[in-house]
Each structure stands twice: as structure tokens, then as C-alpha cells.
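Some notes on the structure that comes next.
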Amino acid sequence: MSSAVSPAVDAVIKPDFQSKKRHFIFTDEHDQLRDSIRSFVVRELQPHAEEWEETTFPNWVFTRMGELGFLGLSYPEEYGGQGGDYYANIVLSEEMAQSHSGGTAMGIAVHTDMATPPIHLFGTEEQKQRYLVPSIKGEKISCLGITEPDAGSDVSGIKTRAVRDGDDYVINGSKTYITNGTRADYIVLVTKTDVDAGYDGFTLFIVDTDTPGFIVENKLKKLGMHASDTALLAFNDMRVPADAVLGQVGGEAGREAALEVVQGWHDHQLGHEAVSPSVQDGVAGMAAVVAMTTGATTLAAAPGAATTGAVPPGTWSGPCVNMVLFF
Ligand SMILES: Cc1cc2nc3c(=O)[nH]c(=O)nc-3n(C[C@H](O)[C@H](O)[C@H](O)COP(=O)(O)OP(=O)(O)OC[C@H]3O[C@@H](n4cnc5c(N)ncnc54)[C@H](O)[C@@H]3O)c2cc1C
């Protein structure tokens, strides 16, 4: 063989399969955060993945992640958060996949990205101190109650009713498929305070789970994701003080709050980052795809799409987006 072949072979440019590809939304700081979360997840969570599929993941995961600052990555420092941007939360959810336990990732994500955001958005200072601060520390566990046995995708069908009685509200109804529902210290609860007001009849409450009348009916048996507890809950004449209302009672504000809880938090956060219009369009596109994928009837009702102007803003006139996609 001629020796002239070797230099030509060496000159072939090959892909560098070891090179790191980083999405343009992430910075060096996100990479450092990613390394730190991954090292924790691989060392402290991953070894338990199989065991937790039998037993559900233990509460110390919340306290440990609180100690490490991972439960409040994008919350303000004044509440114990890290003051980061929302992309830090995306890094967290990507790296939680290294736990090899979808159920653990789901339980944490419901806490960090679904149940606590409405408190940050709509809570009074007292509610933030009482619920958000200990949640960021991992000292309180949260859950979010939207879905009911007869109201899933179509959130307008919610029947859980809160009725004003003197200085209190009395709540009756039930919620199902509630992640963290058997272990939570409190629930962010979507109710109807005015059944005749349509979409303006929603009111959110924060309720301690040791309130008389709060009942964990069942820990549901699922096909998978066993590391996460999923509950059927009932509320039987559950009396809560008026200051348990999160945000406003009904009206446009109640509707906005319900929409944020159901879908809008991610879009809300991204809308507040200094992101380029192309990223915002991407978010609107994602919202639209989610809406279509899940069969929601009103595309323009996707709040992300409405806020970014990618499609004309519309009213919330059809079944809402399937929450399963968020988990
Ligand atoms: C593991 C797990 C954890 C969960 N955790 C929580 C939680 O923490 N809190 C909470 O509130 N909920 C939670 N949920 C509930 C979840 O949000 C609901 O399952 C979801 O909203 C869908 O409701 P559903 O199951 O009643 O399905 P349905 O609304 O009955 O939908 C069934 C099917 O019909 C389709 N469909 C519905 N309406 C239409 C339509 N108009 N056009 C075309 N297709 C349609 C849906 O896309 C779906 O495929 C959880 C669910 C699971 C599985």
C-alpha cells in the first residue's frame, strides 16, 4: 500500500461526538447549575429509583433539595429562592430525568412548577411567608387540586364548591389524580364560588391538609410512575377562613388565576424573561401544539398564545388543555 494514503485519511474531518451542544437559551451559569444538580441527582436519587417504584419516594427528597436551593431556583431571594431565571427550572427538570424515576421528578415538579407558582403570583405577603418560604426550604410539601372525577380536560366542569358563611368559606367536593396528595401539607385548590358565573366563578384557596373535612379517600393505583403518590381527595364541609382565598374571589381576576394555574405559569414566566420574540413565538407555538395534541377545542384559548400575540386572543370557551402533558 502506498504511504501517500495515510495523510489523506487523517485529513478527513469527523464529527466531535464528545462536543457539548447547548441550547441558546442556556448560559455558562446554567451549565454550572446543571453540573451541580446532576451530581446530586445521580449520587443521591438515582440509586433509589427501583426501590421508590415500590414504596414511593420519601419526603427527605424535598428537605434535601430545599437545603441545596433546588426548590426555589427562580423565586426571589427575599423568599429564600435563588433569584434565577425560569430557564434554571428547565435545567432542573431536565436533570431530574437522571434520577431514572419519573415519579420522583413528577412529585418535585408539581411542587416547584405547579402548586407554588400561584402563591408567588397571587399570594398576600402573609401567604408567601406562611407557604412559599417553607416550600422553598422543603419544609412544607404542596399539591395542586384542579382535576375532579367529572372534570378533567374540561376545567369548566369543576363542581367543588366554596360557599361564604360569615367570616369563613365552607368547601365541599372532590379532586382526583392529585400528585403529592397523600403527603402534602397544603393544597392549592381550584373551586367555584359562583356556579352561575361561568368562567368568572372560579376562586383559588390555599388549605392546610390537617383542616377538618379534608379527607384523603384513596392512594390511587396507577399503571406506572409508582414513585409518585396520586390521591383521590374529598372535602366534606371543610371550613376555611376568608384569608385562605388565593388572589381574588371570582370575576375576571379569579378566571385569570384559574387559567394561570391550569396552564399559564410557564408562559407567564417566559414572558417576563428578556427573551427574544422568536423564543416567545416558540412558546406560543408550543402552547398551540399542546392545545391541538390534547384536543382542546379552542386554540385561541391557549393563554400563552394569547399573551404572545401569535394567534388572536380569545375567550376560554372550550375544554382546557390536558394537564397530563405537563407532567
Ligand atoms: C399521574 C397523574 C398525575 C396527575 N396529577 C394531577 C395533579 O397533581 N393535580 C390535578 O389537578 N390533576 C392531576 N392529574 C390529572 C390530569 O390533569 C387529568 O388527567 C387531565 O386533566 C385529563 O383529565 P381526565 O383524566 O379526566 O381525562 P378526560 O378529560 O376525560 O380526557 C380523556 C381523553 O379525551 C380527550 N379529550 C378530552 N376533551 C376532548 C375534546 N373536547 N376533544 C377531543 N379530545 C378530548 C383527552 O385529550 C384525553 O385523551 C394527574 C393525572 C395523572 C395521570
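Quick rundown of the values:
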item: Close pairs from segment 190-205: first at positive phi, partner within 14 Å of the ligand (Cβ to nearest atom), Cβ under 6 Å, at least 6 apart; result: none
item: Subset of segment 166-213 (residues that are of a type in the set (S, T, N, Q), in a loop (DSSP other than H, G, I, E, B) and either in the same structural domain as ALA109 (by TED's automatic domain parsing) or within 13 Å of the ligand (Cβ to nearest atom) (or both)); result: ASN180, THR182
item: Test: residue in segment 66-73 that is assigned to a helix (DSSP H, G or I), over 18 Å from the mean Cα position of the chain (by Cα) and not assigned by TED's automatic domain parsing to the domain that holds LYS222; result: yes
item: Single residue of segment 120-151 satisfying the filter (under 16 Å from the mean Cα position of the chain (by Cα), of a type in the set (Gly, Ala, Ser) and within 16 Å of the ligand (Cβ to nearest atom)) that is farthest from LEU232 (Cα to Cα); result: SER135
item: The one condition in (1) under 18 Å from the mean Cα position of the chain (by Cα); (2) in contact (Cβ under 8 Å) with a residue 60 or more places away in the chain that HIS30 fails to fulfil; result: (1)
item: Conditions (1) crowded, with 16+ Cβ neighbours inside 10 Å; (2) within 15 Å of the ligand (Cβ to nearest atom); (3) not in a helix (DSSP H, G or I); number of the one not met by ASN218; result: (1)
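The values are calculated or read from the model by the stated rules, or taken from the named source; none is laboratory data. These numbers come from a predicted model, not from an experiment. Cβ atoms come from the backbone with ideal geometry, glycine included; neighbour counts cover every protein chain shown.
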